[in-house]
Amino acid sequence: MNGAELLRSLALRGGRPMGVHLQVADRCNHACQHCYQVQGEKGELSFEQLRSIMDGIADAGVFTLNVSGGEATLRPDLLDILRHARTRGFAVRLFTNGFLIDEAYAAALAAIGLLEVHISLYSGVAHEHDAVTRVPGSFARTVGAVRALRGNGLRVVLKTPATTLSVQGARTVEALARDLGCAHTASTDLTMREDGADDPWAVRVTPEDLLREGMIAPWQPGPDEALAREEKLAKYPCGVGRSGLVVLPDGRLQACTDTPNILADLTQQGLGEALRTAPERELFEGLTWSRVHGCRDCDLLPACQRCHATALHEGGDYLGPYASACARARVRYGAAAGSLEVAPPSADCDAGRDPLVGPYAIVSPGVIRPVHDVRTAADEALAARFAWVRPARPAAARLVTIRRKAGGAPLQSSAVEPCSVPTVERV
Amino acid sequence: MNAQRTVHHASDAVWRRYDDQVAVISLDASRVRLFNAVGSFLWERCDNATLDQMVAAVRARFDVDEATARADVEGFVDDLVARGLLRPAAVQP
């Protein structure tokens, strides 16, 4: 167990998240097409309100605080926010695009003391990065910020989500990260925008291209497949509601950046009370793969990764299989098998069964068959209790989390897991 | 370490208590240290405390003789000072 896993397990054992993601700005100076956020609709909190929310998060015993936006550096009081976070004993990460960070700002951040600064860099090639941000010159400014931060002794993590505008971005940024002395992480998933629009998916890289770029790997059943399945069924697909809590710029609490369900309003109650009273807590604490109908019965389960929020958006069911995850699992299996044939659905499937969505049974090497998606009484009870996980209406029409809350603060007028703590020592 | 000299938590030491254990990380070293019950007890009492005060606190809480307590506390403090998680207070001129 590494340090991050240890901290996470200690926190979860005590019923609290290890970290909270605090969005302090509802605006951005970049215009990335793949971004899940809609800016300028939620409103922002005053420093005093944010200070009160941070106090509540600290009182709940949270270890790490990720301060982000929008673009957090657009707030003139960001340094005050970070100083208060440090005063309350958080290990603070700043998520930023770095566009506004010059030498003096980097020195000020270093003086405050941050665990890490996370910066999105979409390519090691300037024009490719700028094509993603849609801000000419952004690559030069961001790389300049990274140099300033590193020069002031701060740890920097460069992050590269894969988009069609920079398919090889992760590879080029990885090389640049080495030169700059930064860590680097690449991600392959884009989520829908928070107003339900599919715009980010217009630049989503296909599973075939991800495979070609080495960002996903071929998969085939191993000799201990039964054990691998059992282990995966006991795991959580993600940290939603447990380690990935998000505070929106207006103070509302979500289980993750993409799950469109408000757990509480932290301008009205502290995080500790919110966690004790939110009924969804029970849902998220039990949300292992074994709770995901269809997926738990699929032979491609060990090859699969999922985002519950994307499942809701694509398939209308937060706890069910969905097309893009199934496509990726098929590509991984097909690559290992050498070819892939999808046989007609099994006889117990409903008429009109979509063959592009699991669960699947492997009927012979390279041949899979769609099988019946078994929903148990427990699944139905869960969906009835938390109606938003399987809405009656199409999901896209419901995924509007950007509305300003009643009485919310106006937008300010002025112009942004886990944890890289690898070593554990017991004393 | 001088028994009357105080130490304090390093400004870049981040810590939280989880039940009977304290976990500490240093922002510089990015390393998690997980204290046992005695270490956790001491960590929470060593900020701006002298060695004598820490020894007294340990003896008041745990069944331990003076010599053992002093040796353990000194070892604990020296180790954490060496690792940058505790800082000795500046000596007054």
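The values are calculated or read from the model by the stated rules, or taken from the named source; none is laboratory data. What you see is a predicted model; the values in this text were computed from it and never measured. Glycine gets a Cβ as well: all are built from the backbone with ideal geometry, and neighbour counts include every protein chain shown. These area figures cover heavy atoms from the full protein model, side chains too; ligands, DNA and RNA do not enter into them. Shrake-Rupley method; radii C 1.70, N 1.55, O 1.52, S 1.80 Å.
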Return the distance in nm (one decimal) between the two label points of a simple spin-label model at A:GLU341 and A:ARG83, each offset 7 Å from Cα along Cα→Cβ. 7.0
Between B:ALA71 and B:ASP28, how high is the FRET efficiency from 1/(1 + (r/R0)^6) when r is the Cβ-Cβ distance and R₀ = 30 Å? Nearest 0.05. 0.60
How long is the gain from A:GLU174 to A:GLU231 if the chain were fully straight, where each residue apart is worth 0.36 nm and the alpha carbon distance is subtracted? 17.4 nm
Taking amide H positions as placed 1.01 Å from N in the peptide plane, with prolines and chain starts having none, which residues 5 or more places from A:HIS184, or on another chain, fall under 5 Å of its amide H? A:LEU158
Averaged across orientations, what area in nm² does the convex hull of the alpha carbons in segment A:285-395 project? 6.9
Express the C-alpha Rg of the protein assembly as shown as a ratio against the empirical globular expectation 2.2 N^0.38 Å, rounded to two decimals. 1.06
With θ set to phi - 60°, apply the Karplus curve 6.51 cos²θ - 1.76 cosθ + 1.60 along segment A:266-275 and write out the HN-Hα couplings as whole Hz, x wherever there is a Gly or Pro. 6, 7, 10, 8, x, 4, x, 5, 4, 5
Using 0.36 nm times the number of residues separating A:GLU273 and A:VAL367, minus their current alpha carbon distance, what extension gain do you get? 28.7 nm
Would you please give the residues with an amide H less than 5 Å from that of A:ARG193, counting only those at least 5 places away or on a separate chain, with H modeled from the backbone geometry? A:ASP199
Which listed residue (B:ASN36, A:ASN29, A:ILE119) has the Cα farthest towards the positive end of the charge dipole for the protein assembly as shown, taking +1 on Lys and Arg C-beta and -1 on Asp and Glu C-beta about the Cα centre? A:ASN29
What percentage of the solvent-accessible surface of the protein assembly as shown, computed with a 1.4 Å probe over protein heavy atoms, is contributed by carbon and sulfur atoms? 51
Quote the charge dipole size of segment B:6-83 about the Cα centre in Debye, to the nearest 20; the model charges only the Cβ of Lys and Arg (+1) and of Asp and Glu (-1). 240
Residue (of A:CYS238, A:THR188, A:VAL146) at the positive-pole extreme of segment A:135-272, dipole from beta-carbon charges: A:VAL146
Quarter of the surface of the C-alpha convex hull for segment A:182-267, i.e. direction-averaged projected area in nm², equals 9.0
Between B:GLU44 and A:ARG150, how high is the FRET efficiency from 1/(1 + (r/R0)^6) when r is the Cβ-Cβ distance and R₀ = 30 Å? Nearest 0.05. 0.30
Using 1/(1 + (r/R0)^6) with R0 = 25 angstrom and r between the beta carbons of A:SER9 and B:ASP79, what's the FRET efficiency to the nearest 0.05? 0.50
Excluding residues fewer than 8 positions from A:LYS232 in its own chain, the aspartates and glutamates with Cα under 15 Å of it are A:ASP224, A:ASP297, A:ASP299
Would you mind checking which residues have amide H under 5 Å from A:ARG204's amide H? H placed 1.01 Å from N; only 5 or more apart, or other chain. A:THR164
Provide the per-residue ³J(HN,Hα) series for segment A:186-203, in order, calculated from phi with Karplus coefficients 6.51, -1.76, 1.60 and θ = phi - 60°, each as a whole number of Hz, with x at glycine and proline positions. 10, 10, 10, 10, 10, 10, 5, 6, 5, 8, x, 6, 8, 3, x, 6, 5, 10
Scan segment A:242-331 for trypsin sites (Lys or Arg not before Pro) in coil per DSSP, keeping those whose Cβ has at most 14 other Cβ atoms within 10 Å, and list them by number. none
Give me the orientation-averaged projected area of the Cα convex hull of segment A:306-350, in nm², one decimal. 3.9
Give the Cα extents of segment B:6-83 along the principal axes, in whole Å, largest first. 35, 26, 17
Loop sites in segment B:1-50: trypsin sites (Lys or Arg not before Pro), DSSP, at most 16 other Cβ within 10 Å: B:ARG5, B:ARG45
Estimate for me the total accessible surface buried between chains B and A (protein heavy atoms, probe 1.4 Å, no ligands or nucleic acids), in Å² to the nearest 100. 2100
How far is the Cα center of segment A:334-387 from the Cα center of segment A:243-318, in Å? 23
Could you derive backbone 3J(HN,Hα) for segment A:204-220 from the dihedral phi with the Karplus parameters 6.51, -1.76 and 1.60 (θ = phi - 60°), listing whole Hz in sequence and x where the residue is Gly or Pro? 6, 6, 5, x, 5, 5, 4, 5, 4, 7, x, 8, 10, 10, x, 9, 9
Inverse mean reciprocal Cα-Cα distance (Kirkwood Rh) of segment A:120-171, Å: 11.2
Label point distance in nm, B:ASP52-A:GLU380, each placed 7 Å from Cα along Cα→Cβ: 7.5
When each pair of different Cα atoms in segment A:251-309 is counted once in the 1/r mean, what is the Kirkwood radius in angstroms, to one decimal? 13.3
